[in-house]
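*Asks:* Let me give you the structure first, and then I'll get to my questions.
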Amino acid sequence: MRSSLITLLALVAAALAQSEPFRPQFHFTPEKNWMNDPNGMVFYEGEWHLFYQYNPAGNTWGHMSWGHAVSRDLMHWKHLPLALAEENDVMIFSGSAVVDWKNTSGFGQDGKPPFVAIYTGHYTKKPLQNQHIAYSNDRGRTWTKFSGNPVLDVKMADFRDPKVFWHEPTSRWVMTVALAKESKVHFYASPDLKQWKYVGEFGGVGARGGLWECPDLFPLAIEGGGTKWVLIVNINPGGPAGGSGCQYFVGEFDGARFKTDHTATLWADHGADFYAGVSWSEVPKADGRRVWLGWMSNWQYAEKVPTHPWRSAMSVPRELTLRRTSDGLRLVQQPVAEMLKLRDAAARKFPGGTFAAAAEWLQNQTNLSPLLDVELSFTGMTAKSAFTLQLHTGSEEATAIRLDGGRARLFVDRTRSGKTNFHAQFAARHEAPIRVPDGRVTLRLVVDTSSLEVFAQNGETVLTELIFPAAGPRRLSLTNSGEKPRVDGITIHAIR
């Protein structure tokens, strides 16, 4: 009965998606046209606001403006009208938004705090980028561009992507902004969001083989207690899987200067398709989480992915923490808890046993939903252990996740994942380092119509990958090429 129900659900989903076979079902996408970086992410009065780089005129990059959507649970999104539109030869590039609780800007009305968006104005007829602001007094539904724009102009062509937050110790606003071609970020301070003063810079370390873009800076809780500051710097090209990627630094920030604890390059995501990662502002202290998401694509091939009339999706929202490891503090990501509510109640479970028994059990789990949340746990991994988990999406299609204990590496191979011939760089195998200090391995796979997100070791190692498989039911298989670990459990959840 359970198998028949899931098969029926898969068939219904396939029928609904015939005209848009790769449309994600639980990842955010625009209704139509092109989307890239998430922007202006802010929480207010129960709504998670997501603005994003958007082309209202077509399905490739251009005419950049801010699209807008809101959600009350981070999973179901309501599309709203265009928020900030290109005009007067100035595109609306990436930036951030805040709730000006103290009305430092003077934009508030009737005793209520205004929303203030801080974004890069990109001039289409001259090589110039500078920082602008706009404000809203109706929960972000309509916006007024500040008559005094730009509020920060250093006469540079590649000076962009301001992320602004209120720094309580110094009682002022702080802006982190990228000098893209110089592999630097600068810090500015302001009492009112209108007047900005340079206070410090950061650079000279990490990955510097491409443009630095979309920075973010925030304090982050450490598992087990404590807090450190994290500086996010996205880079294109130069990512770990080729093309664009998202790096991070852990350290201290005093309101003007950031000092990193390390010089090695650390990647938030080792897959090909996580870029412009940025976190929500103004999340209530009662919630206490740092939540972010990224643009689920790669500048190598983003304009060529085989979707229409929309192009691009966001990753699932993820909660961030830091974890103490033998190598130092490392970023940890987990899908937000709200995603658990999407799981179908009738999970398929393997209670634990030998590797061979688990492989046989998986072989019998046919007609899986195209939308999956899968958890696996292993013990007894050694340097001689290696296994491969495959997601099969057709008679000849499979996306492979391989763990090599000897090399301490996790691989995702999408060379046979489905439609791959739309760009020469797409069909590839990507890898990430993975720590297995006690022989234990956990994997969580989040599978949508056209994406795979792998969270290993409880979110310590993450790979995000686009895939474009044939429609229809899925299945999983498990094989080994070394010593066999024990499989402590497998749980397969269909996503509603």
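*Asks:* Give the residue, chosen from 256, 268, that is over 27 Å from residue 339 (Cβ atoms) and either within 14 Å of the chain's Cα centre (by Cα) or of a type outside the set (Asp, Glu) (or both). Explain how you work it out, then say what you get.
*Replies:* Values: 268 fails: over 27 Å from residue 339 (Cβ atoms).
Just a single option satisfies the conditions, and that option is 256.
*Asks:* Ok, one more. How about region 140-161: which of its residues are touching a residue at least 60 places away in the same chain (Cβ under 8 Å) and under 17 Å from residue 236 (Cα atoms)?
*Replies:* Here is the first cut: in region 140-161, the residues touching a residue at least 60 places away in the same chain (Cβ under 8 Å) are 140-141, 143, 145, 160-161.
Residues satisfying the conditions are 160, 161.
*Asks:* Looking only at region 236-252, how many residues end up being of a type outside the set (Val, Ile, Thr), part of a strand (DSSP E or B) and touching a residue at least 24 places away in the same chain (Cβ under 8 Å)? Can you show your working first?
*Replies:* Just the residues of region 236-252 that are of a type outside the set (Val, Ile, Thr), to begin with: 236-249, 251-252.
Among the residues that remain, those that are also part of a strand (DSSP E or B) are: 236, 245-249, 251-252.
Still in the running and touching a residue at least 24 places away in the same chain (Cβ under 8 Å): 236, 245-249, 252.
Total satisfying the criteria: 7.
*Asks:* With (1) surrounded by 22 or more Cβ atoms within 10 Å (Cβ to Cβ); (2) closer than 20 Å to residue 165 by Cβ; (3) of a type in the set (Ser, Thr, Tyr) as the list, and residue 44 as the residue in question, which single condition is left unmet?
*Replies:* Every listed condition holds for residue 44 apart from (1).
*Asks:* When you scan region 294-340, how many residues do you find that are in contact with a strand residue (DSSP E or B) (Cβ under 6 Å, 6 or more places away or on another chain) and among the aromatic types (Phe, Trp, Tyr)?
*Replies:* Residues that pass the stated criteria total 2.
*Asks:* Can we say residue 411 is surrounded by fewer than 22 Cβ atoms within 10 Å (Cβ to Cβ) and either among the small types (Gly, Ala, Ser) or touching a strand residue (DSSP E or B) at 6+ places or on another chain (Cβ under 6 Å) (or both)? Don't jump to the end; show me each part of the working.
*Replies:* Numbers: surrounded by fewer than 22 Cβ atoms within 10 Å (Cβ to Cβ): yes; either among the small types (Gly, Ala, Ser) or touching a strand residue (DSSP E or B) at 6+ places or on another chain (Cβ under 6 Å) (or both): yes.
Against the criterion (surrounded by fewer than 22 Cβ atoms within 10 Å (Cβ to Cβ) and either among the small types (Gly, Ala, Ser) or touching a strand residue (DSSP E or B) at 6+ places or on another chain (Cβ under 6 Å) (or both)), residue 411 qualifies.
*Asks:* Take the residues in region 272-314 that are acidic (Asp, Glu) and touching a Ser or Thr at 6+ places or on another chain (Cβ under 9 Å); name whichever of them is nearest to residue 452 (Cα to Cα).
*Replies:* 273
*Asks:* Quick check on this structure: which one of 101, 34 is over 21 Å from residue 163 (Cβ atoms) and among the hydrophobic types (A, V, I, L, M, F, W, C)? Give the derivation first.
*Replies:* On the way: 101 fails: over 21 Å from residue 163 (Cβ atoms).
Unique residue meeting the criteria: 34.
*Asks:* Here is a follow-up. Select from region 435-465 the residues that are part of a loop (DSSP other than H, G, I, E, B) and acidic (Asp, Glu) and write down the one among them that is nearest to residue 292 (Cα to Cα). Before the answer, list the steps.
*Replies:* Going residue by residue through region 435-465, those that are part of a loop (DSSP other than H, G, I, E, B) are 435-440, 449-450, 457-460.
Those still in the list that are acidic (Asp, Glu) too: 438, 460.
Details: 438: 30, 460: 15 Å.
Checking each candidate, the answer is 460.
*Asks:* In region 466-496, which residue that is basic (Lys, Arg) and either outside any strand (DSSP E or B) or free of Cβ contacts under 8 Å to residues at least 60 places away in the same chain (or both) is farthest from residue 296 (Cα to Cα)?
*Replies:* To start, the set of residues in region 466-496 that are basic (Lys, Arg) comprises 474-475, 484, 486, 496.
Add one more test, that the residue is either outside any strand (DSSP E or B) or free of Cβ contacts under 8 Å to residues at least 60 places away in the same chain (or both), and what stays is 484, 496.
Numbers: 484: 34, 496: 21 Å.
The selected residue is 484.
*Asks:* Same structure again: Among the residues of region 93-122, count how many are free of Cβ contacts under 8 Å to residues at least 40 places away in the same chain and either in contact with a strand residue (DSSP E or B) (Cβ under 6 Å, 6 or more places away or on another chain) or on the phi > 0 side of the Ramachandran plot (or both).
*Replies:* So the count comes out to 7.
*Asks:* Of the conditions (1) assigned by TED's automatic domain parsing to the domain that holds residue 478; (2) loosely packed, with under 13 Cβ neighbours inside 10 Å, residue 362 clears all except one; give me its number.
*Replies:* Result: residue 362 passes all but (2).
*Asks:* Condition test on residue 373, is it touching a helix residue (DSSP H, G or I) at 6+ places or on another chain (Cβ under 8 Å), assigned to a strand (DSSP E or B) and either closer than 27 Å to residue 248 by Cβ or among the β-branched types (Val, Ile, Thr) (or both)?
*Replies:* Details: touching a helix residue (DSSP H, G or I) at 6+ places or on another chain (Cβ under 8 Å): yes; assigned to a strand (DSSP E or B): yes; either closer than 27 Å to residue 248 by Cβ or among the β-branched types (Val, Ile, Thr) (or both): yes.
Spelling it out, residue 373 is indeed touching a helix residue (DSSP H, G or I) at 6+ places or on another chain (Cβ under 8 Å), assigned to a strand (DSSP E or B) and either closer than 27 Å to residue 248 by Cβ or among the β-branched types (Val, Ile, Thr) (or both).
Residues are listed down the side, and each one gets a yes or a no for (1) crowded, with 23+ Cβ neighbours inside 10 Å; (2) of a type in the set (A, V, I, L, M):
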| site | (1), (2) |
| --- | --- |
| 106 | no, no |
| 111 | no, no |
| 118 | yes, yes |
| 137 | no, no |
| 147 | no, no |
| 157 | no, yes |
| 160 | yes, no |
| 163 | yes, no |
| 190 | no, no |
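*Asks:* Scan region 142-162 and give yes if some residue there is assigned to a strand (DSSP E or B) and closer than 16 Å to residue 281 by Cα, otherwise no.
*Replies:* At the first step, the residues of region 142-162 found to be assigned to a strand (DSSP E or B) are 144-145, 152-156, 159-162.
Cutting the leftovers down to closer than 16 Å to residue 281 by Cα gives us 161-162.
The answer is yes; a qualifying residue exists.
*Asks:* Need pairs with beta-carbon distance below 8 Å; first residue under 19 Å from residue 237 (Cα atoms) and within region 301-314, second small (Gly, Ala, Ser) and exposed (fewer than 15 other Cβ atoms within 10 Å of the Cβ); sequence gap 6+ or separate chains.
*Replies:* none
Let's see how each residue does on (1) surrounded by 17 or more Cβ atoms within 10 Å (Cβ to Cβ); (2) in a strand (DSSP E or B); (3) over 17 Å from the mean Cα position of the chain (by Cα):
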| position | (1), (2), (3) |
| --- | --- |
| 285 | no, no, yes |
| 292 | yes, yes, no |
| 297 | yes, no, no |
| 307 | yes, no, yes |
| 316 | yes, no, no |
| 324 | no, yes, yes |
| 338 | yes, no, no |
| 390 | yes, yes, yes |
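*Asks:* Looking at residue 383, is it outside any strand (DSSP E or B) and touching a Leu at 6+ places or on another chain (Cβ under 6 Å)?
*Replies:* Working: outside any strand (DSSP E or B): yes; touching a Leu at 6+ places or on another chain (Cβ under 6 Å): no.
Answer is no for this residue.
*Asks:* Next up: May I ask you to list the residues in region 442-477 that are more than 23 Å from the chain's Cα centre (by Cα) and buried (at least 21 other Cβ atoms within 10 Å of the Cβ)?
*Replies:* In the first step, residues of region 442-477 are kept if they are more than 23 Å from the chain's Cα centre (by Cα); the result is 470-477.
Result: 474, 476.
*Asks:* Something else: Please state which of the following conditions residue 264 fails to meet, knowing it meets all the rest: (1) surrounded by fewer than 19 Cβ atoms within 10 Å (Cβ to Cβ); (2) in contact (Cβ under 8 Å) with a residue 60 or more places away in the chain; (3) over 25 Å from residue 48 (Cβ atoms).
*Replies:* Unmet for residue 264, out of (1) surrounded by fewer than 19 Cβ atoms within 10 Å (Cβ to Cβ); (2) in contact (Cβ under 8 Å) with a residue 60 or more places away in the chain; (3) over 25 Å from residue 48 (Cβ atoms): (2).
*Asks:* Just to be sure I understand, how many residues within region 72-93 are in contact with a Ser or Thr (Cβ under 6 Å, 6 or more places away or on another chain) and outside any strand (DSSP E or B)?
*Replies:* Number satisfying all stated conditions: 3.
*Asks:* Out of curiosity, is residue 153 of a type in the set (Asp, Glu), under 23 Å from residue 53 (Cα atoms), in contact with a strand residue (DSSP E or B) (Cβ under 8 Å, 6 or more places away or on another chain) and surrounded by 21 or more Cβ atoms within 10 Å (Cβ to Cβ)? Steps first, please.
*Replies:* Working: of a type in the set (Asp, Glu): yes; under 23 Å from residue 53 (Cα atoms): yes; in contact with a strand residue (DSSP E or B) (Cβ under 8 Å, 6 or more places away or on another chain): yes; surrounded by 21 or more Cβ atoms within 10 Å (Cβ to Cβ): no.
In short, no.
*Asks:* Regarding region 400-418, can at least one residue be identified that is hydrophobic (A, V, I, L, M, F, W, C), farther than 29 Å from residue 222 by Cβ and touching a residue at least 40 places away in the same chain (Cβ under 8 Å)?
*Replies:* No, region 400-418 has no match at all.
The values are calculated or read from the model by the stated rules, or taken from the named source; none is laboratory data. Owing to the predicted nature of the structure, the values given are computational and were not obtained by experimental measurement. Virtual Cβ from ideal backbone geometry, glycine too; neighbours counted across all protein chains shown.
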